[in-house]
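Novice: Following this message is one structure expressed as structure tokens.
What follows is calculated from the coordinates using simple rules that are stated; it is not laboratory data. A quick note: this is a predicted structure, and the numbers were derived from the prediction, not measured. Here the Cβ is made from the backbone with ideal geometry for all residues, glycine too, and neighbour counts use every protein chain on show.
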Number of protein chains: 2
Amino acid sequence: MRAIVIQAPHDIRVREVPDPTIQQPTDVVLRVLRSCVCGSDLWAYRGESARRPGQRIGHEFLGIVEEAGHEVNGFAPGDLVVVPFRWSDGTCAYCAEGLTTSCPQGGFWGSVGSDGGQGEAVRVPFADGTLVKLPSAAATDDRLLTALLALSDVLGTGHHAAVGAGVRPGSTVAVVGDGAVGLCGVMAAKRLGAGRIIALGRHSARTDIARTFGATDVVAERGDAALAAVRELTRGEGAHCVIEAVGTEQSMRTAIGVVRDGGAIGYVGVPHGSGTGLDLDAMFDRNITLRGGVAPVRAYIPELLPDVLDGTIDPSPVFDLTVGLDGVADGYKAMDERTALKVLIKP
Amino acid sequence: MRAIVIQAPHDIRVREVPDPTIQQPTDVVLRVLRSCVCGSDLWAYRGESARRPGQRIGHEFLGIVEEAGHEVNGFAPGDLVVVPFRWSDGTCAYCAEGLTTSCPQGGFWGSVGSDGGQGEAVRVPFADGTLVKLPSAAATDDRLLTALLALSDVLGTGHHAAVGAGVRPGSTVAVVGDGAVGLCGVMAAKRLGAGRIIALGRHSARTDIARTFGATDVVAERGDAALAAVRELTRGEGAHCVIEAVGTEQSMRTAIGVVRDGGAIGYVGVPHGSGTGLDLDAMFDRNITLRGGVAPVRAYIPELLPDVLDGTIDPSPVFDLTVGLDGVADGYKAMDERTALKVLIKP
């Protein structure tokens, strides 16, 4: 079979790799129908996160079960399933309480020794704990299948940020980050009943999507001007709920700058310097809460799936470029240069 | 009248100052019955927080109203009242929602131009918003009056930490810090129904109080050994709720080290390097929440006062040394050298 590997920074290749096989009785082998490139894949692409030469990559995908180990109870060949970006056993105390990302037997796709989602097929450990079944009819609905792919990461991650930020009916929410996660944060905030959603971003293609997803205001300014603009929109106070979906020092400073006293920052941007942007003195004086982290998307899928299936929410517009496996290297380049928002892969 | 001033680091003096007078119609003049020294006063004492020579100091006190401005509605001469460590107008949006520490008209006792609580009398701005009336009978109950003094800061601050840490009935709580706030955090966690309370501390005089206040376990180890001890007590997982009542880099590292994945740190230690101890990567991977800050104790007094009055909780044991104004300098020295836990002042 063919799969994507990262040979070195800025060197994404298609390679022939062995077909996945059942290794544990709790495994399934999955034929990938849709995969995509994540903003966090770019950290590896840019060499800011270390990878071994030839390591598999990709952690967002859905597909059809081809083969199931004899201890797999919930899935059979032919099932259409969506895969969270981290596998988990479904039986430990953390999984039971919905913190699947802390499952001691869990792991990330594309880590050393595991398959990545950008390829033709994947061995899925702990299939019963990890996978979520989708209606088989969705397999023939191209738009819906793309929307469902967002459940593997960005939609659940945006939802985690909105939950972390404490979004409730009527909340005022500011969203720092105009990538796919930030946009899904807008969608999740709207879904939770936010009364006002201020999207920070300068790229009209992205802020247009933000408005479609529920943003009521767009702030195109940067730095201090952005803080002033958000405060002007909020009686000088700032937003009670802030979604931080970038992970850099500047984005965290902006998040703290726009949050109202007593408010909360839901942080889901993978930290790349954002700790340095945490001004604890300011947070202390103003009683700012920081809540979030790596999103336990597996636990959120049962809540979010029905709304995607019935069209209440449609995250598919975050995918603005579609490639086959041979186009994945170009897809990374496009996302790195911000000419693409999020790249959909049809292997 | 006589009041305490800080002349320079390690130079605490009693000085004759003008008697306070009504300056605004919303002021009262208060005769101080009880005051005390706060752990945060030591930052000024040690020269780590800047003060002007001769600046007033002290922010925890209670006393008798001597005179009330003509716009004060809730208080009259002779009323016994407790004073939160920050005054607030009681009418703004922040006060209305209980975040009195963010009141734009609020301020700290002992800031430049305001009276400090360590002295014979104080001018109280925004008396209706700031003060809370106590039963006059308490004025003749020495033990109760001391317990009520804790409402001005340490009890409400410990409660804020417990709320920030998300303490609920049955919670497992770890408390980092064996000062008066940490001990009140133990008491507050017990009051909120915690099932297990692990106090970290090496001084048996303090950990004995912690046990009296509700600690079920004491960890005397430091550093990595302390983390291992807490994990051993919690099935290897850590405590779901952690109270951080110190504010240093080491204490924050300990707090993050002992918190369970998905748990929360209620931070109320005034930051003195604790930002450096915040490992955001670890917090992100483990979904750790950071929630707290300067405690809006004014908002908590109505909830806590009945329990102090009826003896359900008694924080008075945190005061282990009593001095008059002439003994205050010795009191600071004793707290600085940790021979006293918290110094009570009877002016």
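Novice: Scan around residue A:344 for amide H atoms under 5 Å from its own, H built in the peptide plane at 1.01 Å from N, and keep only partners 5 or more places away or cross-chain.
Specialist: The answer is A:320, A:321, A:322, A:323.
Novice: Can you give the local net charge around residue B:180? Use residues other than it whose beta-carbon is closer than 13 angstrom to its beta-carbon, Lys and Arg +1, Asp and Glu -1.
Specialist: Working: positive: B:206, B:338, B:342; negative: B:41, B:60, B:153, B:178, B:320.
Spelling it out: positives minus negatives among the neighbours equals -2.
Novice: Of B:331, B:262, B:39, which is the most mobile in a GNM of chain B whose springs link Cα atoms less than 10 angstrom apart?
Specialist: Maximum among the listed residues: B:262.
Novice: Taking every DSSP beta bridge with both residues inside chain B, roughly what % is antiparallel (nearest 5)?
Specialist: 55
Novice: Applying 1/(1 + (r/R0)^6) with R0 = 41 Å to the Cβ-Cβ distance of residue A:93 and residue A:141, what FRET efficiency is obtained, to the nearest 0.05? Mind dumping the intermediate values first?
Specialist: Details: r = 37 Å, r/R0 = 0.91.
E between residue A:93 and residue A:141, to the nearest 0.05, is 0.65.
Novice: OK, next. For a 26 Å ceiling on Cα separation, which of these pairs sit above it: B:190/B:333; B:133/B:346; B:133/B:333; A:190/A:342; B:133/B:342; B:190/B:346?
Specialist: Details: B:190/B:333 32 Å; B:133/B:346 20 Å; B:133/B:333 33 Å; A:190/A:342 21 Å; B:133/B:342 24 Å; B:190/B:346 30 Å.
Among B:190/B:333; B:133/B:346; B:133/B:333; A:190/A:342; B:133/B:342; B:190/B:346, the Cα-Cα distance tops 26 Å for B:190/B:333; B:133/B:333; B:190/B:346.
Novice: Under a GNM of chain A (C-alpha, springs under 10 Å), which listed residue has the highest mean-square fluctuation: A:174, A:229, A:282?
Specialist: Highest fluctuation of the listed residues: A:282.
Novice: Based only on other Cβ atoms within 10 Å, what is the fewest-to-most ordering of B:59, A:160? Show your work: numbers first, answer last.
Specialist: On the way: B:59 25, A:160 29.
The fewest-first ordering by Cβ neighbours comes to B:59, A:160.
Novice: How far apart, in nm, are the 7 Å Cα→Cβ label points at residue A:231 and residue B:205?
Specialist: 4.6
Novice: Which residue, A:324, A:63, A:166, tops the fluctuation ranking in a GNM of chain A built on C-alpha contacts under 10 Å?
Specialist: Fluctuation is largest for A:324.
Novice: Something else about it: Show me, for the stretch B:288-294, the HN-Hα J-couplings you get by feeding each phi into the Karplus relation (A = 6.51, B = -1.76, C = 1.60, θ = phi - 60°), rounded to Hz, glycine and proline as x.
Specialist: Computed from phi, the couplings for the stretch B:288-294 are 8, 9, 10, 9, x, x, 5 Hz.
Novice: Calculate the tail of P(r) for the stretch A:157-292: the fraction of all Cα-Cα distances greater than 27 Å, expressed in %.
Specialist: Working: 509 of 9180 pairs.
Summing the P(r) tail past 27 Å for the stretch A:157-292 gives 6 percent.
Novice: Loop only by DSSP, 12 or fewer other Cβ within 10 Å of the Cβ. Give me the trypsin sites (Lys or Arg not before Pro) in the stretch A:233-303 that pass, ordered by residue number.
Specialist: Details: sites: A:235, A:253, A:260, A:286, A:291, A:298; in loops: A:235.
For trypsin sites (Lys or Arg not before Pro) across the stretch A:233-303 that sit outside H, G, I, E and B with at most 12 neighbouring Cβ atoms in 10 Å, the list reads A:235.
Novice: Enumerate the calculated ³J(HN,Hα) couplings along the stretch B:167-178 in order (Karplus 6.51 cos²θ - 1.76 cosθ + 1.60, θ = phi - 60°), each rounded to whole Hz, writing x wherever the residue is Gly or Pro.
Specialist: Values per residue, Gly and Pro as x: 5, 10, x, x, 4, 9, 10, 10, 10, 9, x, 10 Hz.
Novice: Another question about this same structure. Would you list B:1, B:252, A:187, A:283 from fewest to most Cβ contacts within 10 Å? Show your work: numbers first, answer last.
Specialist: Numbers: B:1 15, B:252 26, A:187 30, A:283 23.
Lowest count first: B:1, A:283, B:252, A:187.
Novice: Please list the non-local residues whose amide H lies under 5 Å from the amide H of residue A:243, H modeled 1.01 Å from N, same-chain partners needing a gap of 5 or more.
Specialist: When sequence neighbours closer than 5 places are left aside, the close amide H contacts are A:174, A:175, A:176, A:266.
Novice: Going by how many other beta carbons lie within 10 Å of each one, how would you line up A:310, A:208, B:41, fewest first? Write out the running numbers ahead of the final one.
Specialist: On the way: A:310 8, A:208 14, B:41 26.
Final ranking by Cβ density, sparse to dense: A:310, A:208, B:41.
Novice: Sticking with this structure for a sec: From the backbone phi of the stretch B:11-27, what are the Karplus-calculated ³J(HN,Hα) couplings (6.51 cos²θ - 1.76 cosθ + 1.60, θ = phi - 60°) in whole Hz, Gly and Pro given as x?
Specialist: Running phi through 6.51 cos²θ - 1.76 cosθ + 1.60 with θ = phi - 60° gives 10, 9, 10, 9, 9, 6, 10, x, 4, x, 9, 5, 10, 10, x, 9, 7 Hz.
Novice: Then there's this: What number results when the radius of gyration of chain B, computed over Cα atoms, is divided by 2.2 N^0.38 Å? List each step's numbers first, then the result.
Specialist: Working: Rg = 19.6 Å, N = 347, 2.2 N^0.38 = 20.3 Å.
Taking the Cα Rg and dividing by 2.2 N^0.38 Å, one obtains 0.97.
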